[in-house]
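Colleague: First the structure, then my questions, so here it is.
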Amino acid sequence: MATVYDADGQIIGRLSSVIAKQLINGEEVAVVNVERSVISGSRKFTLSNYDVKTKRGDVYKGPFFPRTPDGIFRRTVRGMLPMKKPTGRNAYRRLRTHIGVPEELLSKTAEFKKVADADASRLKSGGMLLGDLSAALGAVKRW
């Protein structure tokens with residue numbers, strides 16, 4: 001059975017590093033409520049940084065950058081895995097991200113894990129919700 005994390009109110013980078021380590025160790029991980037995770041830093045800098053990433057490359061040949069919250073979260077974890085090796089590719093296949101809480105995870109387990117070091121209340125300056133970033137990048141809002 002997979003380890004299930006609740007990303008609500010968690011800093012995306014700190015949570016992703018914990019998840020990447022578990023994936024490399026061979027565990028299956030599911031993450032729920034990714035649209036409510038927090039990206040630290042100012043809103044203006046975050047928007048400009050991700051806007052550059054989405055507009056990079058050719059429209060037909062890429063590189064392509066995701067705009068949905070679950071895609072951005074998966075891409076963040078992917079950046080922490082050794083994707084040029086079979087270990088990293090297999091680890092990435094064991095990751096599942098969800099917007100909200102799907103029925104199958106709600107019925108199987110009642111409690112979701114949180115990472116204490118990734119709590120957004122530790123931030124001194126403001127952050128931005130991943131769902132808000134995704135909407136600003138032009139994703140169709142389905143959360």
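The values are calculated or read from the model by the stated rules, or taken from the named source; none is laboratory data. No experiment lies behind these values; they were computed from the predicted model shown. No Cβ is skipped: glycine too gets one built from the backbone with ideal geometry, and neighbour counts run over all protein chains shown.
Colleague: If I ask for residues that are of a type in the set (D, E, K, R) and at pLDDT below 95, which ones from the stretch 1-43 would you list?
Modeller: Of everything in the stretch 1-43, just one residue is of a type in the set (D, E, K, R) and at pLDDT below 95, namely 43.
Colleague: Of the residues in the stretch 35-78, how many are without any contact (Cβ under 8 Å) to a residue 40 or more places away in the chain, surrounded by 12 or more Cβ atoms within 10 Å (Cβ to Cβ) and among the small types (Gly, Ala, Ser)?
Modeller: Matching residues across the stretch 35-78 total 2.
Colleague: If a residue counts only when it is within 16 Å of the chain's Cα centre (by Cα), which helices (runs of 4 or more DSSP H) contained entirely in the stretch 1-120 have at least 2 such residues?
Modeller: Correct list: 12-24, 43-55, 69-78, 86-93.
Colleague: When the stretch 3-55 is examined, which residues are found to be in contact with a Gly (Cβ under 8 Å, 6 or more places away or on another chain) and on the phi > 0 side of the Ramachandran plot?
Modeller: Hits for the stretch 3-55 are 33, 41.
Colleague: Could you check how many residues of the stretch 13-34 are surrounded by fewer than 24 Cβ atoms within 10 Å (Cβ to Cβ), under 21 Å from residue 142 (Cβ atoms) and touching a Leu at 6+ places or on another chain (Cβ under 8 Å)?
Modeller: 2
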